[in-house]
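Structure record follows, encoded as structure tokens.
No lab work stands behind these numbers, since they all come straight from the coordinates. Note that the structure is predicted; figures quoted are calculated from it, not measured. A quick note on method: Cβ atoms are made from the backbone with ideal geometry, for glycine too, and the neighbour counts reach across all protein chains shown.
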Amino acid sequence: MRVTALNRKLLREAWRARGQMISIALVVACGIMTVVMMRSTSESLAASQIAYYRQYQFADLFASLVRAPTSLAARLGEIEGVAAVDPRVVLEVNLDVPGLDEPAQGRLVSIPPGGPRLNRVHLVEGRFPEANRGDEVVISSAFSNANSLELGATIGAVVNGRWERLRIVGIGMSPEYVYEVSAGQIFPDNRRFGILWMDRTALAAAAGMTGSFNDIAVRLARGANPDAVIDELDRFLEGYGSLGAYDRDRQLSHRILTDELESNRISGTVIPAIFLAVAAFLLHIVLSRLVRTQREQIAVLKAFGYSNIEIGRHFLHFALVAVVIGALVGTGVGTWLGRLLLELYRDFFQFPQLYYRVSWFLVAMAIAVSAGAAVLGALSAVRSAVRLPPAEAMRPEAPTHFRPGLIERSGIGRILSPIGRMIIRSLDRQPMRAALSALAVALAISILLVGSFMFDAVSYMADLQFRTIQREDLTVLFNTPKEASARHDLANLEGVSRVEVFRSVPVRLDAGHRSRQLALTGLGSGSQLRRILDTDLIRYEVAEDGVLLSRMLADIVGVSVGDTLHLKILEGRQPERRLPVAGVVEETLGLNAYMEIGALNRLMREAPTISGAYLRVDERQRTEIFERLKRMPAIAGVAARENVLENFEFQLEQNLLLSMTILVLFAGVIAVGVIYNGARIALSERGRELASLRVLGFTKREIAVILFGEQTTVTALGIPIGFLIGLFFVRAILGAFANENYRIPLVVTSSTYAFAAIVAISAALFAGLLVRRRLNRLDLIEVLKTRE
Amino acid sequence: MANLRQPDRLTGRSPGVEGSQIFEARNLTKVYHMGEVEVRALRGIDFDLERGELLVLLGASGSGKSTLLNILGGLDIPTSGTVQFLNQDLTAADDAELTRYRRDHVGFVFQFYNLIPSLTARENVALVTDIARDPIRPEEALELVGLGPRIDHFPAQLSGGEQQRVAIARAIAKQPDVLLCDEPTGALDSSTGQLVLKVLKDVNQQLGTATAVITHNAPIAAMADRVVRLHDGTIADVYRNDQPAAPEEIEW
């Protein structure tokens, strides 16, 4: 193809303005990168989930019960709509893990020799336990990794009151435990909670459940009605202490994975949309200003007989060079980062294989949006340039009709130096230009906030939860409810300085047709170690005459203060009760319902009974206390607040920190790119005027002050506006984000504001330095020689 | 104006009427509005340009000569009056037709050369030959103005006189029907200016291109076949030189 002179001009000028072209390309690239990175991560997780579930036969329905004869399973298999039933024995045990001070919690799950049909276990290494071997287990790979447990290692366990040594013969994972977390927890603690698969016969024998099962997984036939099957299952299992069958929506791992996928999908839509929109808008502004500085060349081309369309196409290509470079970089780097982020999800979610997916349609959309914005920006400027008769366009733009502007008339002018007045005047005379520049800075600031607020919010949430609300050192959970006197056993342990007991009852809340299953917690009034605080840190007290609900729960079941809740207690004979809603509290974490512990005991029609206790202990004796608790058969688990917090913060750093850092980096690049371009363009727009001032005797310093003064004013205006726009975006994201597990509070710390402002100011300074160099080279003779 | 839409009817190479006029402007006026000030740049001018002639439009700054040239070149439109180019009406042409007209028929030379700084001499000429219908090669055009050896230099590497010669090469490379020069020596010293004028004269004589040169510099009028003097938006004087001077003889 022949390279026309016009294309040569294009390439050469693109090269000469490479600083600007690169920064524009980077803005485009960052917008596209955000889309590619976030969308691909979210789509890949979703695809991996589907593939995993299908390949490893994830069950559709689940139920736990106290005990039922194995013969019942066959009858359950005959229910219409049931394709397969897998009866199991599931047992929560305390573990003594080598290298871990505190006891860990284990969940023993029975498997037939060769592995189960449903919720199939993917063996990472090793083999399945041999038949009848009660001392062999396959452990979950997350637990194995967290505790560096290898094949052949042994773990101590209290199984049904007996001390056993379990040898690890295999390491595996299952679709049932993609997110491996113990009941009631939100974040996984893979050091202290793990799944262990044991031979069915051996586990049944150890648990005293020979010939029985206490848990089932069910696979539905194609086209079956899950609700009908659930009703049918409940009818069969009612007499066996079932807590009610439930579908995948209430299966903990699936629920959290699905919520994560959903919030990923939302943030993978909202955040890139904001980034892309901001990048596109900035691109529009930058290109339209860039083209405007070429006004005279446009006129010359017109004089030679180039048509408006040819000229338009020329500048369009100019814009497209930047977009093409940006799109290539954005897609490439975005794909790479997407893979990287996806791998990080392995810390949270256990998948045998993650499939990386990029929706090329979305990538194409993102590129099209960028290109569209660039094209519109360039064309709108070209259009205004070609609309003028060439004779007129060839002259420099007519001096703007001067009058003292609003700002000057307000009297500020009098207190300013002549240079100050010039700065104000030039902003005042081109208010549109100044406003657009300030808006560009503001948008750059706003995405910096979008990139970094999440870290603030989550840190705040963790701090609130683990330092202000939870103040216990240890939480002890009994394996069955105990008489209230059990508290003395704990209080008598050496080093325990305070014991506050709680009662926890599994219930199903019903209001109309909506219901949720959760733990109703009974706390002592005036509790010190576990307080109920709302997001404004206002303390709530448990009530004796009703239940206190967290806001999310109240919203889900659709009740408010004074309404009556219908609740079915999923313990013992499963009685049903009615309770008024005594209060609703804005909590950030989980679905919670609280009562005064005595009132809860009365509701249960039981003597004072406790499920566990919060302890304050002497730090120096923590290890000894752990050792003792580990060996107490009545104790199902011990959790240390410190560990949970550390674990939470570790996960936060591992995962959130990286993606947030990348976002902030992108936002920073966009901010710098835009501000740098703003200053460069300001220089070319004002070059002649500034050079003329030099001719008149102004020093280099003085003209620099004028140019930077404008830029500084624009930046200073943009920063607070950016904070407001940023908060608006953040609010929009949070609104889309809230799910049942947590509600992220709108918290933006002053250091985040400061950070955003500093990035903007640094970008302005950096641009200023580069422009200053050019300012020093302004050609005075050229200015005198050309143009009137 | 339907016939102007068909460029072939506008070539002028074989005009239907065997007239000798390239331009025939009648009663031209042009009023500019500069903010609140009204500038009457042309106040009813009748003007002709003949085939093959070298015409100098003489006038002080603000006399209206640039306005007239811009209108003739299709860079501007008159407020009233008509301009015929080879018997076609320019004043009724729309933007696309004027673009076509400039592309096919007019060569421009500006006071400040208006070269594209990012393109070499050759490429600046190519900018025009790329879109012209029957151009000569850029190299040939640059030879004609005596710039063969500097063909790959960028404008910044050329002197003012050389830049202006590139501009002339660029204007003639399309073989225009008319060459319009706006103060071509205005930014040059007198010896360089002479050289540029010689190039214009040579082109006029060798290619027979009708050429209009506007200047405020009265001595230059000596080289013209015909001189039109403008004053304050009206024609003050028209006269013919029976013995046009050679550019080398002109001193200013």
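What to note about this one:
- If R0 equals 30 Å, the separation of the Cβ atoms of A:Arg531 and A:Arg602 corresponds to a calculated FRET efficiency of about 0.85.
- Distance from region A:614-676 to region A:1-55 (C-alpha centre basis), Å: 36 Å
- Helix A:308-344 vs. chain A, principal-axis angle (Cα, 0 to 90°, nearest 10): 20 degrees
- Legend: ranking of residues A:Phe728, A:Phe275 from fewest to most surrounding C-beta atoms inside 10 Å; resulting order A:Phe728, A:Phe275.
- Amide H within-cut-off set for B:Leu230, under 5 Å, with H built and near neighbours excluded: B:Leu58, B:Gly59, B:Ala236
- Computed E for A:Arg117/A:Thr154 - FRET, C-beta separation, R0 22 angstrom, nearest 0.05: 0.15
- Angle in degrees between helix A:658-695 and the longest Cα principal axis of chain A, rounded to the nearest 10: 10 degrees
- Nearest-ten-degree value, helix A:18-55 long axis tilted from longest Cα axis of chain A: 20 degrees
- For chain A, calculated [θ]222 nm from helices alone, where every DSSP H run of n ≥ 4 adds -39500 (n - 2.57): -17000 deg cm²/dmol
- Listed peptides B:52-58, B:241-247, B:142-148, A:113-119 by packing density, highest first (mean Cβ within 10 Å): B:52-58, B:142-148, A:113-119, B:241-247
- Label-point separation, B:Asp89 to B:Glu251 (7 Å along Cα→Cβ), nm: 5.1 nm
- Spin-label model distance (nm) - B:His216 vs A:Arg620, 7 Å beyond Cα toward Cβ: 9.9 nm
- Region A:92-122-region A:201-275 distance, computed between alpha-carbon centres (Å): 18 Å
- Shielding of peptide B:98-104 by partners, expressed as the average count of other chain Cβ atoms within 10 Å per residue Cβ, is 5.
- Spin-label zone in region A:172-212 - amide nitrogen under 15 Å from a point set 7 Å from the Cα of A:Thr480 along the C-beta vector: A:207-209
- Square roots of 5 times each gyration tensor eigenvalue, C-alpha, region A:58-256, largest first, Å: 28, 18, 15
- Take A:489-501, A:222-234, A:291-303 and order them by the average number of nearby Cβ atoms within 10 Å per residue, most first; the result is A:291-303, A:489-501, A:222-234.
- Estimated at 0.36 nm per residue, the fully extended path between A:Thr712 and A:Ser560 surpasses their Cα-Cα distance by 49.6 nm.
- Packing-based exposure ordering (other Cβ within 10 Å, fewest first) of A:Val585, B:Val39, A:Val27: B:Val39, A:Val585, A:Val27
- Within 10 Å of the Cβ of each residue in A:441-451, the mean number of Cβ atoms contributed by other protein chains is 0.
- Each residue in A:Glu43, B:Glu249, A:Glu164 was given a count of other beta-carbon atoms within 10 angstrom of its own, and listing them fewest first yields B:Glu249, A:Glu164, A:Glu43.
- Each Lys or Arg adds one and each Asp or Glu subtracts one; over the other residues with Cβ under 12 Å from the Cβ of A:Pro481, this totals -1.
- Whether chain A is rounded, prolate or oblate, judged on the alpha carbon gyration tensor where a/c under 1.5 counts as rounded: prolate
- The mean count of C-beta atoms from other chains within 10 Å of the C-beta of residues in A:305-318, rounded to a whole number, is 3.
- Summary of the geometry: region A:140-195 and region B:86-110, compared by the centres of their Cα atoms, lie 86 Å apart.
- Pairwise FRET efficiency - A:Asp231 versus A:Asp463, Cβ, R0 = 41 Å, nearest 0.05: 0.40
- For A:Arg616, neighbours were defined as the other residues whose beta-carbon sits under 12 Å from its Cβ, and their charges (Lys and Arg +1, Asp and Glu -1) total 0.
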